[in-house]
1. Under 8 Å between Cβ atoms, at least 6 apart or on separate chains: pull out the pairs that start in segment 249-273 with a residue that is in contact (Cβ under 8 Å) with a residue 12 or more places away in the chain and end on any residue that is among the basic types (Lys, Arg).
2. Within segment 250-267, identify whether any single residue is at positive phi, small (Gly, Ala, Ser) and surrounded by fewer than 17 Cβ atoms within 10 Å (Cβ to Cβ), and answer yes or no.
3. With the condition being farther than 20 Å from ILE213 by Cβ, I'd like the strands (runs of 3 or more DSSP E) fully within segment 98-192 carrying at least 3 qualifying residues.
4. Which condition breaks for ALA321 when tested against (1) assigned to a helix (DSSP H, G or I); (2) of a type in the set (A, V, I, L, M); (3) touching an Asp or Glu at 6+ places or on another chain (Cβ under 6 Å)?
5. Just to verify a result, which residue in segment 145-158, among those that are crowded, with 17+ Cβ neighbours inside 10 Å and under 18 Å from the mean Cα position of the chain (by Cα), is nearest to VAL238 (Cα to Cα)?
6. Given the options ALA125, ALA196, name the one that is buried (at least 16 other Cβ atoms within 10 Å of the Cβ), closer than 24 Å to TRP257 by Cβ, of a type in the set (A, V, I, L, M, F, W, C) and in contact with a Phe, Trp or Tyr (Cβ under 9 Å, 6 or more places away or on another chain).
7. Do we have ARG212 as within 30 Å of GLY165 (Cα to Cα), of a type outside the set (Phe, Trp, Tyr) and surrounded by 16 or more Cβ atoms within 10 Å (Cβ to Cβ) here?
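The values are calculated or read from the model by the stated rules, or taken from the named source; none is laboratory data. Quick caveat, the model's predicted, so the values are computed rather than measured. Positions of Cβ are backbone-derived with ideal geometry, glycine not excepted, and every protein chain shown enters the neighbour counts.
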Amino acid sequence: MAIFDRHRHYRKVKSGLEDFDHPALSYKKPKQLRRFQLVVSFIASAALVFGLWSFAWYAMSSWVKAEIAGWVDQQMDSGAVAEFTNMKTGGFPNRIVVSLSEPHYDGPAFGQSIAWRGEMLVITAKPWTPWSLRIEAPGKHELNIGGRWQFDGAAERLVADVNLGEVWPDELDLDVQGLSMNGSAPLAAGRLRINAEHNPDAQASETGLSLRIQGDGIIWPGGLPQPLGDRIAALDVVARLSGNVNPGPLGERLTAWQESGGVLDVERLRFRGGPLGVAAGGNLVLDKQLQPEVTFTAKFEGLFQVVEILRAKGLMKPGDAVVATMALSALSRRSDDGGASSINVGVSVRDGVLRLGPLEVMEMPHIDWGIPAPTADQPSPEADPEPPKRDYKDVPPVL
C-alpha cells in the first residue's frame with residue numbers, strides 16, 4: 001500500500017506542474033521582429049534563386065552562342081562563307097536574344113549556289129528550351145541564286161521558328177509576308193507559309209520529310225511553265241517524302257533516293273495561276289535518268305485557255321490542239337452554280353511526255369540537276385571488217 005501511496009503522490013506533484021507559469025514559457029516575438037525576419041528570409045531566398053537563374057541563363061546563352069559559332073565553322077569547313085560583323089546577347093531574365101549584324105551566307109542550298117546578305121538577324125530562345133529558336137530577319141536583303149538571278153528588297157515579316165536537329169531542323173515554320181524584291185526580275189509574296197518536319201532516321205517507306213506550303217500573291221520568275229506566267233495567285237500543298245532525306249551532294253542524294261524507291265506523295269495540291277486552277281493528288285518518283293515520273297488525279301479549270309496558249313506560242317501543234325480541245329470537251333463538266341467548267345482527268349508524265357488521260361499534250365523540259373545524268377552502258381563499236389584481199393594480176397584490162 002505504501003508503494004501505491006508514493007505513486008499517487010507523484011501524480012499529484014505532476015498535476016501541480018501543469019499550473020506552473022513563467023514569462024519565458026509564454027514569450028512571443030514582437031511584430032516588428034517577426035516582420036524583419038520574414039523580410040530577411042525572403043530576400044535571402046530571392047537572392048539564391050536569382051543567383052541560380054543567372055547562372056542557368058548564362059550557361060544557356062553560352063550554349064546558344066556556341067551552337068551558332070559551331071554552325072559557322074562547319075559551313076566554313078565545307079567551303080561556304082558564313083559570317084557577321086558583330087554578335088550581341090541580351091534578353092535576361094526570361095529570354096535569350098542573340099543579334100547578328102550584317103549576316104552573310106554564300107554557299108550551297110537547295111541544290112544550287114545561294115548568296116544572301118541582310119541587315120540584321122535576331123535569334124531568340126527561351127532558357128529552358130534553347131534548342132527551340134525563333135529567327136527574325138528585319139530590314140533589307142540581297143539575294144543571288146545560282147549566279148543567274150539577283151534580287152534586293154525587303155519583307156514586312158520574315159520569321160522562322162526552328163527546332164534544331166542532328167543534321168537538319170526537326171521542325172521548321174517559316175512565315176513570310178509582304179515580300180517585295182527587284183533585280184533580274186520581280187520576286188514577291190503577299191503571304192507564304194512553309195511547315196516542315198524532318199525524320200533523319202527514316203528508311204524505305206517511312207516518312208523522311210513532311211511538308212505543308214501555303215501562299216498567295218507569289219511571283220517567282222521562271223518557276224512556272226510558260227503558259228502560266230510567273231504569278232501564283234494561290235497555293236496549298238500537303239506532301240510527304242518517303243525514304244532517307246538528309247543533306248549531302250545533290251547527285252549522290254538524288255541517286256540514292258531513286259535507287260531506294262523514294263516517293264513524293266502529294267496528299268493535296270491546290271493551285272491557281274494564270275488561267276489555270278488545279279485540285280489534285282498523286283505521287284512522283286524519279287526514273288533512272290533522274291527525271292520525274294508523275295501519276296496524279298486532278299480537277300482542272302481553265303484548261304481550254306491553256307491549250308490555246310500552248311498552240312499560240314508554238315508549244316503545241318495546231319492539229320494536236322484541235323484534237324486536245326475536242327477530247328477535253330467530251331470530259332468537261334459545267335458546275336451546278338453556272339461557274340467555269342471543270343475537267344476531272346488523270347495526269348501522268350512518262351518518258352518526258354505530259355499526258356491528260358490517254359492524250360499526249362506536250363514534251364516536258366529536261367531537268368538539269370547540275371550533275372552528270374546516269375547513262376546506260378553503251379556497247380563498244382564493232383571494228384570495220386577487213387576488206388578481202390584482191391589479186392590485181394587477174395583484173396581485166398580497162399582498154
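1. Taking only residues 6 or more apart or on different chains, the pairs are GLN258/LYS288; LEU264/ARG240; ASP265/ARG240; GLU267/ARG240; GLY273/ARG231.
2. If we filter segment 250-267 for residues that are at positive phi, which is where we start, we get 261.
From what is left, the residues that are small (Gly, Ala, Ser) are 261.
After this cut, where a residue has to be surrounded by fewer than 17 Cβ atoms within 10 Å (Cβ to Cβ) as well, the list is 261.
For segment 250-267, residues at positive phi, small (Gly, Ala, Ser) and surrounded by fewer than 17 Cβ atoms within 10 Å (Cβ to Cβ): present.
3. Filter on segment 98-192 gives 104-109, 112-118, 120-126, 129-136, 140-145, 149-154.
4. Among (1) assigned to a helix (DSSP H, G or I); (2) of a type in the set (A, V, I, L, M); (3) touching an Asp or Glu at 6+ places or on another chain (Cβ under 6 Å), ALA321 violates only (3).
5. Restricting to residues being crowded, with 17+ Cβ neighbours inside 10 Å and under 18 Å from the mean Cα position of the chain (by Cα), the top hit is LEU158.
6. One residue alone meets the criteria, ALA196.
7. On the way: within 30 Å of GLY165 (Cα to Cα): yes; of a type outside the set (Phe, Trp, Tyr): yes; surrounded by 16 or more Cβ atoms within 10 Å (Cβ to Cβ): yes.
For ARG212, the condition - within 30 Å of GLY165 (Cα to Cα), of a type outside the set (Phe, Trp, Tyr) and surrounded by 16 or more Cβ atoms within 10 Å (Cβ to Cβ) - is met.
Rundown of residues vs (1) loosely packed, with under 15 Cβ neighbours inside 10 Å; (2) under 21 Å from TRP168 (Cα atoms); (3) not hydrophobic (A, V, I, L, M, F, W, C), yes/no style:
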residue	(1), (2), (3)
ALA59	yes, no, no
TRP71	yes, yes, no
GLN74	yes, yes, yes
ALA80	no, yes, no
PHE84	no, no, no
SER101	yes, no, yes
ALA115	no, yes, no
GLU119	yes, no, yes
